[in-house]
Amino acid sequence: MFDKTNSQHSFIDPKVLARLSGLGLHTRIPMLGSVSGRHRSSVRGSSLEFAEYRKYVPGDDIRRMDWRAWGRSDRFYIKEFEADTNLRLCLIVDTSGSLNFTVDGISKINYIKSLAGTLAYLASRQGDAVGLYCAGKNFHTEIKPKRNATHLRIVLNELAEIKAEGETGLAESLHKAAEGIDQRALVVVISDLYIEPDILNSCFQHLRFRKHDVVTFHLLDQSEVDFDFDRPTRFVDMEGGVPIMADPSLVSKQYQQAITGYLADLETVMLDAAIDYHRVNLRDPVDEILARFLVGRKPKKK
Amino acid sequence: MSFLNPLILAALPLMALPILIHLINQHRHRTVQWAAMMFLVSAKRMHKGMARLRYLLIMLMRIAAIGAMIFAFSRPLASGWMSGVGMGKPDATLILLDRSASMETQNIQTGESKRSTALKKLAELLEKRDYGSQLILIDSTNGETHPIESPKALIGLPITEATATSANIPGMLETALAYLKANKPGRADIWICSDLNENDWAPDSGRWAAIREQFAQLKGVHHFLLSYTDQPSNNLSIRVANVKRRQTRNRDELILDVLLRTENQQTQTSNVARRIPIELEVNNVRSVIDVELDAQGASLQGHRIPIDSKLRSGWGSVALPSDSNPLDNRFYFVFSEPPVRKAIIVTDTSKTGKAFRRGLGIPTESHLQHSAKVIPLSRVTEIDWESTGLLIWQAPLPSGLLAKQIESFVNSGRVVMFFPPTQSGSEKLFNSSWGNWQKPEQDRGKVAWWRGNADLFAHVGSGDPLPLNELRTYRYRTIESLKAENPGTPLARLGDDKPLLVRVATDRGGVYFCSTLPTAQFSSLERDGVVFYVMLQRALAEASRSLSPASQHDAAPDVLAGHTPWKLVAPIENAPSISQHGLHAGVYQNEGYWAAVNRSLDEDHSKTTRVETVDELFDGLPYQRIDDSVGNTSSLANEIWRIFLITMVLALILEAALCMPEKKVAQQRFNEFSMASGNMKQESL
C-alpha cells in the first residue's frame, strides 16, 4: 500500500507512522459507513456491543426478542446492539500562496502534506475511506473518499503534486465540501486560516449542519505572532497582493493587537461550531501534533 | 536671547538628523515574503491616532534633544533686552562710565552705589558675553580712552572709582565716535552707565544732533544705556556757599554760609520740620550744631566760627550724617586772609584814568584792601602781573609779547576789561577788535536789555535790578568779533541793538569789552555811578579770587594745575591716588596756596532727565535702554545652558520611555491557546 522507496511521497515519514501505529483514528460522532468498520454507526447493528432495550412493536424480527426479559417481566423487549462501520476521512487542504511561508526550512505546504499524508495513511490502514479536497482560488481538486489502497496512492500522489500559489479559496472549498460530501464524514481542514473569522464561521457552521465531524489544524508560526523585526521592511504578499512597506517599530503593537483579536475571534468561532481545533506551530513535530490529536479523540471507556 | 558661542548655532540643521535617519531607514528596508498580510493591513490601518502621535512625539523628542544640546553648547544668555540685539559678537566694546558724584547714590541695605552696581553687572555681563578684541573705557572725568585688559579688571581700577566731578556724556560719545572713526573696529558695542543726570547729559545741547548724525553713518554700532534713574529715598546734600575770614579787634573768626538741600520727596511734601546735626570741622577742631530742615532744606547764613588769630589760612569741612549718597554729605572749604584787590588801569587819558580809579579805589567792605593804579601805555612793562587782579585797558589793543602776556594773565584766572581807545586802529585780541565810533540816534543811547541773572550786571542780593535803564550812552565804539560762530556773550545792549558790554568766552579768567567810556563825553556811567561802581567792583572781586591763596574749585581733571604737585591734606582716609587728585573732594595744598575741591553745584541741583527724552537722543540709532535699580543683585544676563541640558536629558528620557517595547501578549496567548485547543470539548457533541 505505501511504497517506502517512492521519493514522491517523501512527505510521509515512516518513523512517524511507526510511532503512531498503535493509535487509531476515531470520530467523535457516529458514522454512516457503507461497510463494517471500527467506528460507531448511527444505526443499530449486529455487533457484540449491547446498545439498548426497546419495546417490541409488531413487525420486529422476533429473533432479536429478549426472552429472558419476557420471562422476568412478562413484557416483550427487543435487544439492540451497536453497529460498527467505517468512516470517510475528507482532507481539505489549503493551497493558497501564503502556505509557501517557510521557517527554518519548513514550509507550511510541506507541513500540510506531511500532516494530511500521514492522516490519510492511518485512516486507510484501518479501512476507512480517504478523500482529498484542495482549496485554491484557481486550483480545486476533489477526490471523493474511497477505501482501497489504489485510491490512497491517488490521494498521496495528488498531495505530492500540490503547489501553494494564488489566493486562498478555502471558504468556497469548505462550502463545496459541505455540500459535496453525501454522508457523515470526518472532515479535516488544514490551513493557515488567513480568512476573516466571520467568513470561517459560516463555513464551519455549514459543515456542522451537514453533521460532519470537523477537525481543523491551524498552521501558524511563532514568528508570525511575534512580528519580531527590527527595521523597516517591505512585506511582499505571498498571495500576490500589494506589498506593504512598514516600520515594525511603529506597527508592531497594532499587528499584535490585530492577531490577538483574530485568534480570540477564531477561538469563539471554533467553540460555537464545536470544531476540534488544533493550533499548530510549524516548529512542532508532526508526530507530536498527530499523537495529541489521536489521543484526544480516543473514545473514553464506559 | 543672546549666545556666548553663537557659531555653534550653525549646527542647528543637525536637528533634522532624526528625520534624515528615519528617511534613510525607510530606504534601507529589506524585503520579506510575508503570509499574514491581513494583520499587517489591520495594523497599518490602526497605526493612526495615538500611535502616530506617539511616533511624532518620539521624533520631536529626538529633535528637541539635539536642539537643546546645540543650544546648551552655544551658551545662551537669558535676558529680555538682549533679544533685539542680534547675535553677532562685537569687535570692540566701549564703556562710557559716568563717575559723577550723583552716581554714588547708594542702596542703604546693600551698600552698593549706582556706579558700583553698574560696573559689577557690566563686568559680569562682558565676562560672559564676548566683548571683542578691544575693551575701551572712556573716562567721564577727562574724556580720555583707556584700553582695559579684561572686564574683571574694570573693578578696582582708579579710573572707575567714584569722583566728585560731573560727567559730560555728549563729550564722551564724541570721544567714542572719534575712537571708532580712527580704529574702525567694525561691529562695536557702546555701553553707557549713567543716572541720566540732566547736568551730565545736557539733552538740550545742539551737540546731540551732530552726534546722532555721525553715529548713523557708522555701521554696526550698538548703543546700550544702563540707566539708574531711581531717586534716593532720603538724601541731603550740604554745601558752603561762602566763607570769609574776618578779623576784628577782639577776635578772628570764619563766617560761613551753609546750604542744605533735600531730595526726599516725602520731606519736600510734608510740613513737619525736623532737626539734623551738622558737623563743622576747622583746623581739626570739630563741633556739631543742629539745623532745622524745612521742605526744601535749610540755610545757615553767616555762621561764625572763632579761630586762632595766628591761623591766617587753613581748611575745614561741614558734614552731614550718612545717607543714601555719601559724596554729598561733606563739603570742604579753605580760607585765608583776603588779598589786596589790586587793579591796574592802562590809559593815556588822565580823566578817564581818574574815573576808573575812583570806581575801584573804594572797597565794598571795610576789611578789604583795594589798590588801583593808573599807568600810561608807555609804562606797561612796569605792571606786576603776579599781584594784579584786574586790568583795565583803555588803549589800542596790544599785540606781540604784550598780547601774549595779557592772554597768560587771563589764563591764570584774572580779569581784563577793554574800553575803547579814542584813536582808531585795527588791532585785534581775543578774536575781537574795535569798530568805528558811533553816535546813537535820539533815545537809542539807552540800555534796552541787560542780563540780570548773572555776571557783572546781575541783580543785587535783594533781587532788585541795577539801574541800567537810567544809563545814557552818547558815543560808543562797535565791537567786531572775528569769530562769527562764537561772537561772545553780550551782557547789555543799547537801543540800536549794539552791545554795550560783551564777555568773550575763555577757559579761565574773564575778558570783557565795553563799547563806551565812563566820562561824561561818552556816557553817564561815571555820573550815575552805581552801575559803573558795581560793574568794576564785581570784576575786581572775580579777579581777586585768583589772587587769594585759598580757592574753591569744582572737581575737574585740570583743577590742580601747577608746576609743583599739590599735596592732599584731607581726607586722610580713603585718599585717592595721585593721578586722581582734583577729581575727588578734598583739600589740597601747594606751598602757601590752598585749594578745596568739591562736587559742582549742578550735581546737587540737577534733575534726572526723562527716559523718553534720552530715548529721543538716540532716535534712529541701534539703541537699547536697560533700566536697572541701584543695589539690584540680579545679573544683566544669566547663562541658561543648564536649562537646555536638562531639557535634553528630559527629552531623551521621554524618548526612551516612548520607545520602550511593549509586552508580547500575543506570544503568551498563542502558547496557552495552543495547549488548550487540543482538548476541545468532545462532551459538547
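The values are calculated or read from the model by the stated rules, or taken from the named source; none is laboratory data. Quantities reported herein were computed from a predicted structural model and do not represent experimental measurements. Note that we place each Cβ from the backbone using ideal geometry, even for glycine, and neighbour counts take in every protein chain shown.
Of all residues in segment B:472-497, those that are surrounded by 21 or more Cβ atoms within 10 Å (Cβ to Cβ) and of a type in the set (Lys, Arg) total 1.
Scanning segment B:344-382 for residues that are surrounded by 15 or more Cβ atoms within 10 Å (Cβ to Cβ), among the β-branched types (Val, Ile, Thr) and in contact with a helix residue (DSSP H, G or I) (Cβ under 8 Å, 6 or more places away or on another chain) turns up B:Ile345, B:Val346, B:Thr347, B:Val374, B:Ile375, B:Val380.
Being more than 14 Å from chain B (Cβ to nearest Cβ), in contact with a strand residue (DSSP E or B) (Cβ under 8 Å, 6 or more places away or on another chain) and surrounded by fewer than 21 Cβ atoms within 10 Å (Cβ to Cβ) is true of A:Gly169. For segment A:240-255, filtering for residues that are farther than 15 Å from B:His22 by Cβ and within 7 Å of chain B (Cβ to nearest Cβ) leaves 5.
Among the residues making up segment B:154-175, a single one is of a type in the set (D, E, K, R) and either in a loop (DSSP other than H, G, I, E, B) or modelled with pLDDT under 90 (or both): B:Glu161. Residues in segment B:416-428 that are surrounded by 15 or more Cβ atoms within 10 Å (Cβ to Cβ) and closer than 10 Å to B:Pro396 by Cα: B:Phe418, B:Phe419, B:Pro420, B:Pro421, B:Thr422, B:Lys428. If you go through segment A:256-271 and keep only what is in contact (Cβ under 8 Å) with a residue 24 or more places away in the chain, surrounded by fewer than 21 Cβ atoms within 10 Å (Cβ to Cβ) and more than 7 Å from every other protein chain (Cβ to nearest Cβ), you end up with A:Asp265, A:Thr268. Please work out if B:Leu56 is out of contact with any Lys or Arg (no Cβ under 9 Å at 6 or more places or on another chain) and either more than 7 Å from chain A (Cβ to nearest Cβ) or surrounded by 11 or more Cβ atoms within 10 Å (Cβ to Cβ) (or both). For B:Leu56, the condition - out of contact with any Lys or Arg (no Cβ under 9 Å at 6 or more places or on another chain) and either more than 7 Å from chain A (Cβ to nearest Cβ) or surrounded by 11 or more Cβ atoms within 10 Å (Cβ to Cβ) (or both) - is met.
Per-residue answers, yes or no, for (1) aliphatic (A, V, I, L, M); (2) modelled with pLDDT of 85 or more; (3) buried (at least 18 other Cβ atoms within 10 Å of the Cβ):
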residue	(1), (2), (3)
B:Asp257	no, yes, no
B:Ser270	no, no, no
B:Arg274	no, no, no
B:Pro277	no, yes, no
B:Arg286	no, yes, no
B:Asp294	no, no, no
B:Gly297	no, no, yes
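A quick yes/no check of all residues on (1) modelled with pLDDT of 85 or more; (2) under 28 Å from A:Gln8 (Cβ atoms):
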| site | (1), (2) |
| --- | --- |
| A:His140 | no, yes |
| A:Val155 | yes, yes |
| A:Leu159 | yes, yes |
| A:Thr168 | no, yes |
| A:Ala171 | yes, no |
| A:Ile181 | no, yes |
| A:Pro197 | yes, no |
| A:Ser202 | yes, no |
| A:Asp230 | no, no |
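Residues checked against (1) within 31 Å of the chain's Cα centre (by Cα); (2) crowded, with 16+ Cβ neighbours inside 10 Å:
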{"residue": "B:Ser515", "(1), (2)": "no, yes"}
{"residue": "B:Asn574", "(1), (2)": "yes, no"}
{"residue": "B:Ala585", "(1), (2)": "yes, yes"}
{"residue": "B:Tyr588", "(1), (2)": "yes, yes"}
{"residue": "B:Tyr593", "(1), (2)": "yes, yes"}
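Could we say that A:Tyr194 is within 24 Å of the chain's Cα centre (by Cα), closer than 21 Å to B:Thr31 by Cβ, crowded, with 19+ Cβ neighbours inside 10 Å and not charged (D, E, K, R) here? Yes. Each residue in segment B:447-471 was checked for being surrounded by fewer than 18 Cβ atoms within 10 Å (Cβ to Cβ) and not β-branched (Val, Ile, Thr), and 16 of them qualify. If you check A:Val215 against the conditions, is it out of contact with any Asp or Glu (no Cβ under 6 Å at 6 or more places or on another chain), under 25 Å from A:Ile12 (Cα atoms), more than 9 Å from chain B (Cβ to nearest Cβ) and not in a helix (DSSP H, G or I)? So A:Val215 does not fit the description; no. For beta carbons closer than 6 Å, sequence separation of 6+ or different chains, a first residue in segment A:281-292 that is within 10 Å of chain B (Cβ to nearest Cβ) and a second that is part of a loop (DSSP other than H, G, I, E, B), the qualifying pairs are A:Arg292/B:Gly678. Can you tell me which of (1) surrounded by 15 or more Cβ atoms within 10 Å (Cβ to Cβ); (2) in contact with a Gly (Cβ under 7 Å, 6 or more places away or on another chain) is the one B:Ala505 doesn't meet? With respect to (1) surrounded by 15 or more Cβ atoms within 10 Å (Cβ to Cβ); (2) in contact with a Gly (Cβ under 7 Å, 6 or more places away or on another chain), B:Ala505 is out only on (1). Checking each residue in segment B:27-44 for being over 14 Å from A:Val242 (Cα atoms), loosely packed, with under 13 Cβ neighbours inside 10 Å and facing chain A (nearest Cβ under 8 Å) picks out B:Arg28, B:Arg30. Could you please let me know if A:Val155 is within 14 Å of another protein chain (Cβ to nearest Cβ) and closer than 27 Å to A:Ser124 by Cβ? Taking the combined requirement at face value, the residue does not satisfy it. A:Asp237 satisfies every condition listed in (1) within 22 Å of the chain's Cα centre (by Cα); (2) surrounded by fewer than 21 Cβ atoms within 10 Å (Cβ to Cβ); (3) of a type in the set (D, E, K, R); (4) at the interface with chain B (Cβ under 7 Å from one of its Cβ atoms) except (1).
Within segment B:442-472, the only residue that satisfies the criterion of being under 40 Å from the mean Cα position of the chain (by Cα), modelled with pLDDT under 85 and on the phi > 0 side of the Ramachandran plot is B:Gly463.
For segment B:486-522, the tally of residues that are small (Gly, Ala, Ser) and assigned to a strand (DSSP E or B) stands at 2.
Of B:Ala162, B:Ala182, B:Ala167, all but one fail to be among the hydrophobic types (A, V, I, L, M, F, W, C), out of contact with any Leu (no Cβ under 6 Å at 6 or more places or on another chain) and free of Cβ contacts under 8 Å to residues at least 40 places away in the same chain; the exception is B:Ala182.
Checked against (1) crowded, with 19+ Cβ neighbours inside 10 Å; (2) at pLDDT 85 or above, B:Val630 passes all but condition (2). The criterion of at least 1 residues that are outside the structural domain of A:His212 (by TED's automatic domain parsing) and of a type in the set (Phe, Trp, Tyr) is met by none of the strands (runs of 3 or more DSSP E) falling completely within segment A:78-181. The one condition from (1) on the phi < 0 side of the Ramachandran plot; (2) surrounded by fewer than 21 Cβ atoms within 10 Å (Cβ to Cβ) that A:Ala274 does not meet is (1).
For segment B:592-610, the criterion of being at pLDDT 75 or above, closer than 30 Å to B:Tyr55 by Cβ and outside any loop (DSSP other than H, G, I, E, B) is met by no residue.
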